[in-house]
Each structure stands twice: as structure tokens, then as C-alpha cells.
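Note sheet for the following structure.
The values are calculated or read from the model by the stated rules, or taken from the named source; none is laboratory data. The structure presented is a predicted model; accordingly, all values stated were derived computationally and were not measured. Using ideal geometry, Cβ is built from the backbone for each residue, glycine included, and neighbour counts are taken over all protein chains shown. Keep in mind that these areas ignore ligands, DNA and RNA; they rest on the heavy atoms of the full protein, side chains included. Shrake-Rupley method; radii C 1.70, N 1.55, O 1.52, S 1.80 Å.
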Amino acid sequence: MSLAPSIDTFLATIEAAAPIAALRDSWIAYPLVNAAHIVGIALLFGAIVPLDLRLIGWRRETESVDRLSRMLLPVAIGGLLIAIPAGLLLFATDARAYAAAPLFQAKMVLIALAVGNALALRRIDWRTTPARGRTAFAGMASMCLWLSVIVCGRLLGYIE
Amino acid sequence: MRQFQVLAAGLLLGAAGAAPVAAHHGWAWATAEEFELSGTVKSVRHGNPHGVMQLSTPSGEWTVEIGQPWRNAQAGLTEQMLRPGTRLLIHGHRSARANERLMKAERIVIAGKSYDLYPDRPS
């Protein structure tokens, strides 16, 4: 998918910026940023899956959604806040190619859907609302969406 | 569940739509046979995870994967030496997909001088 000329110029400027060029050429910084991206994803996915499983109803007797989310949500959000800047840096090193890649575009849409789903769940007061039905569906959607985000990100590195 | 079906279809379409950023690690995707190719650099992209050149050859345009910056530098190659218009002879391995004009360089020869990206590998 080709990009509009103005976007292309803008992304080329980002690619050419000195810190981004240094990252693209560094033997150590690039893999470290890569590692940070993975750590962020691990925290996010690792925290969100138990929460989603609980929303679906698994082990509902052990802990309330309210208490569980107080523990796991900060970890998931922290993971996202690590994964996003690291991901932006990786994107910037080859911005035009990523932006034009259908898999990358799909990944961004999926992230937006997953975050939107999480924000919608945030609005629910779990102290008064039992987790079943629609919330179970939302938990299932959350797991599927984040898994799809990860798969898209990986395929991006291997499919051409 | 309908949303998921739509999503899955979208993902498959996305995957089929081709991304220009694929990185090939290792050699498992290439044939074991030594391969050589000569041509002229058409365009080149340096940097992590590894450099990629488009090479104009008598058999059409080829994609040649070169090293990440430290490997190219270790071989004695600079970005100046791989500018568009430069004539190159590339030794390495081609993709195991027979119809794919894609190879990974082990050794690059410029004006008769060899630059060995993988000194440990026969090339």
C-alpha cells in the first residue's frame, strides 16, 4: 500500500534524524530496544490473560475481578507504556516500509481495538457488576486481540 | 463470534499483502548450494536488523541481504562502497524458493577485492 507523498516525506525525515540513524546502525542499542519491546509485551500479555480468564469465569471463587484488576491492571498498563515507546523507536528506523506494510497497519488497528476494549471494561464498577455474559465476551475479545497483535508483529519480521 | 471471523479474515489478507521489512535470520531459508550473482547496485538500505540491496542483473532485479552494520564494517565494507551504480559480485546462498530472486551474501567482491561477511563460512 503506497503512502501519501506528505506522509512519506514526514516519515523519511524521522528515519534520517540523527538519533534514529544511530539506533539503526548500533550493534547494541537496537537489540536492547527490541528487548524492551518484548519485556513490555510480556508484562502486558502476562497480566491481561489472567484478568481476561477471570472475566470469562475461570476460578471465579478465588478472587474478585475488582481485587484482581487492582493487582494486574497496573502491570498491564506498565507493560504497554514500555512496549509503545520501544515500538515507536523500532518503527522509526524503517518508518516508510513499516507504515506501508499491511501487517503493520493491521497491527495498529488491532492495538486500537484492544485498548478500546480495555477502556470500555474500565468503565464497569466490578464491586456492583457481576462478571458474566458481555464481560466474558469482552475478556475473550481481549485475549484474541492481544494475541493477534503479537502474531502480526512477529509475522511482520518474517513474511514478505 | 462474527467479529472474530471478520478479524481472522482481515489478518490473513494482511499477511498475504506483503511486507517489505522481512528479516531472514540464519541460513535455513536458503539452499545449501553455493551461489554467485553479479550486477549493479540499484538501491540499498543499511542498518538493523540487516542491510538489503536491490541488484540489477542480466537475469532481472535481485534482492541481496547483506550484514547488519557491525558485520559489514568488520568485513571492511562501508556505505560509500555499496552506493547505487557500483558493480558487485556476490557469493552466498539463494532462497530455497526457486522462483524467488533473493539471496544472502557471504562474500562481496568489488573490483577484484573480496570482503568476507562470514569468514567462518566457506564461500
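Would you confirm, using the coordinates I've provided, whether B:GLY39 is buried (at least 19 other Cβ atoms within 10 Å of the Cβ) and away from chain A (no Cβ under 14 Å)?
For B:GLY39, the condition - buried (at least 19 other Cβ atoms within 10 Å of the Cβ) and away from chain A (no Cβ under 14 Å) - is met.
Any chance segment A:85-104 includes a residue that's away from chain B (no Cβ under 14 Å), over 27 Å from B:HIS25 (Cα atoms), assigned to a helix (DSSP H, G or I) and of a type outside the set (A, V, I, L, M, F, W, C)? If you could, list the steps in order and put the result at the bottom.
The first filter runs over segment A:85-104 and keeps only residues away from chain B (no Cβ under 14 Å), leaving A:85, A:88.
Then drop every residue that is not over 27 Å from B:HIS25 (Cα atoms), which leaves none.
So far as segment A:85-104 goes, no, none of its residues is away from chain B (no Cβ under 14 Å), over 27 Å from B:HIS25 (Cα atoms), assigned to a helix (DSSP H, G or I) and of a type outside the set (A, V, I, L, M, F, W, C).
Is segment A:101-112 home to any residue that is without any contact (Cβ under 8 Å) to a residue 24 or more places away in the chain and closer than 18 Å to A:TYR30 by Cβ?
For segment A:101-112, residues without any contact (Cβ under 8 Å) to a residue 24 or more places away in the chain and closer than 18 Å to A:TYR30 by Cβ: absent.
Cβ-Cβ below 9 Å, separation at least six or inter-chain, first residue in segment A:141-152 and within 7 Å of chain B (Cβ to nearest Cβ), second assigned to a helix (DSSP H, G or I) and acidic (Asp, Glu): which pairs?
Taking only residues 6 or more apart or on different chains, not a single pair turns up.
Please state which one of A:LEU81, A:LEU72 is assigned to a helix (DSSP H, G or I) and either of a type in the set (Phe, Trp, Tyr) or under 30 Å from A:GLU15 (Cα atoms) (or both). Full working, then the answer.
Numbers: A:LEU72 fails: either of a type in the set (Phe, Trp, Tyr) or under 30 Å from A:GLU15 (Cα atoms) (or both).
That would be A:LEU81, the only listed residue that is assigned to a helix (DSSP H, G or I) and either of a type in the set (Phe, Trp, Tyr) or under 30 Å from A:GLU15 (Cα atoms) (or both).
When you scan segment A:36-45, do you find a residue that is part of a helix (DSSP H, G or I), within 10 Å of another protein chain (Cβ to nearest Cβ) and open to solvent by less than 60 Å² (accessible area, probe 1.4 Å), even just one? If you could, list the steps in order and put the result at the bottom.
Step one: filter segment A:36-45 for residues part of a helix (DSSP H, G or I), giving A:36-45.
From what's left, within 10 Å of another protein chain (Cβ to nearest Cβ): none.
Checked against the condition, which is being part of a helix (DSSP H, G or I), within 10 Å of another protein chain (Cβ to nearest Cβ) and open to solvent by less than 60 Å² (accessible area, probe 1.4 Å), segment A:36-45 yields no hits at all.
Would you check if there is a residue in segment A:129-141 being under 15 Å from the mean Cα position of the chain (by Cα), over 27 Å from A:ALA17 (Cβ atoms) and open to solvent by 60 Å² or more (accessible area, probe 1.4 Å)? Lay out the reasoning, then the answer.
The first filter runs over segment A:129-141 and keeps only residues under 15 Å from the mean Cα position of the chain (by Cα), leaving A:141.
Still in the running and over 27 Å from A:ALA17 (Cβ atoms): A:141.
Then drop every residue that is not open to solvent by 60 Å² or more (accessible area, probe 1.4 Å), which leaves none.
Checking segment A:129-141: not a single residue is under 15 Å from the mean Cα position of the chain (by Cα), over 27 Å from A:ALA17 (Cβ atoms) and open to solvent by 60 Å² or more (accessible area, probe 1.4 Å).
Output the number of residues of segment A:57-69 satisfying the condition of being in contact with a Lys or Arg (Cβ under 9 Å, 6 or more places away or on another chain) and in a helix (DSSP H, G or I).
Of all residues in segment A:57-69, those in contact with a Lys or Arg (Cβ under 9 Å, 6 or more places away or on another chain) come to A:57, A:60, A:62-66, A:68-69.
Cutting the leftovers down to in a helix (DSSP H, G or I) gives us A:65-66, A:68-69.
Total meeting the criteria: 4.
Residues are listed down the side, and each one gets a yes or a no for (1) closer than 16 Å to B:SER43 by Cα; (2) buried (at least 21 other Cβ atoms within 10 Å of the Cβ); (3) not polar (S, T, N, Q):
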site: B:GLN80; (1), (2), (3): yes, no, no
site: B:ILE90; (1), (2), (3): yes, yes, yes
site: B:GLY112; (1), (2), (3): no, no, yes
site: B:TYR118; (1), (2), (3): no, no, yes
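Quick check on A:LEU110: is it crowded, with 19+ Cβ neighbours inside 10 Å and part of a helix (DSSP H, G or I)? Reasoning before the result, please.
On the way: crowded, with 19+ Cβ neighbours inside 10 Å: yes; part of a helix (DSSP H, G or I): yes.
Judged against the criteria, A:LEU110 is a match.
Go through (1) closer than 13 Å to B:VAL41 by Cβ; (2) among the aliphatic types (A, V, I, L, M); (3) under 14 Å from the mean Cα position of the chain (by Cα) and name the single condition B:ALA96 misses.
(1)
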